[in-house]
1. Which lysines have a Cα less than 22 Å from the Cα of LYS196, not counting those fewer than 8 places away in the same chain?
2. Quick one: angle between helix 77-96 and the longest Cα principal axis of the chain, in degrees between 0 and 90, rounded to 10, please.
3. Hey, what do the phi angles of the stretch 175-180 turn into as Karplus ³J(HN,Hα) couplings, whole Hz, using 6.51/-1.76/1.60 and θ = phi - 60°, x for Gly and Pro?
4. How far is the Cα center of the stretch 158-196 from the Cα center of the stretch 20-40, in Å?
5. So what is the relative contact order of the stretch 104-163, in percent, for Cα pairs below 8 Å that sit 6 or more residues apart?
6. Given LYS98/LYS159; LYS74/LYS156; LYS96/LYS122, which pairs have Cα atoms separated by over 30 Å?
7. For the stretch 1-51, report the % of Cα-Cα distances exceeding 18 Å.
8. Skipping prolines and chain starts, which residues have an amide H placed within reach, meaning under 5 Å, of the one on THR76, given they are 5 or more residues away or on another chain?
Amino acid sequence: LTRDDAMSDIDIPLVVAWNKLYRRSLFDGIRYPVGKLHDDEFIIHKILWKCRQIAVISSALYFYTEREGSIIAKMTPVRIHDALEAFEDRILFVDKEKWTEVFPVVLKRYCDYTIDRYYEIKRGAHAEVDNSFLKLLWESEKEMLEKYKNVSMDIKYRKFAESPENYERWLAGQRMIGRIGRCRNKILMAVKKWRK
């Protein structure tokens, strides 16, 4: 992969530190931040920026065990703050380096994170995080999209930035449009069968 491919397709396997072999020189001037959760999210973009080529294999050569009580086993306020800081750091880095090919992707990831955590917290999926974080997550996305309003983004992110209520109304409208489209298709198929 090129660095652009890697950043555009980045997901959990590409972010984490434990599944890679690195050339030592990639870490010149780069260190994991001390005391931060999501420490790998803070540096992966800086590492990939230095790469000309990234080789990926699909073989399962490392087995990862998630134990109850581990850092990643539960969502906490600190984890949310650190993740938002890491994603914002990535956006600022990509913007500073004028890495325009991947900028919309990293901005989208930030927005996906805020929306996903918002609705997980709202439905009570994270007992350690109270509803005060709903406002923080919404305002974080709103501020980010205001700052980068010139970047072309899917309308769903703009709707959430307006307000979660607008986003929910928009989603309901999209579901209705989908149902109407499916009904229309069923009617057309029935008419075609009837004509035969």
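1. Answer for LYS196, where 22 Å is the Cα cut-off: LYS186, listed by chain and number.
2. Helix 77-96 and the main axis of the chain meet at about 90 degrees.
3. For the stretch 175-180, the Karplus-derived couplings read 5, 5, 4, x, 5, 4 Hz, x marking Gly and Pro.
4. Each part's Cα centre sits 45 Å from the other's.
5. 38
6. Going by Cα-Cα distance, LYS96/LYS122 fall outside the 30 Å limit.
7. 26
8. Those qualifying (amide H under 5 Å, at least 5 residues apart or on another chain) number zero.
Read the figures in this text as sums done on the coordinates, not as results from a lab. Keep in mind that this is a model prediction, so the values were computed, not measured.
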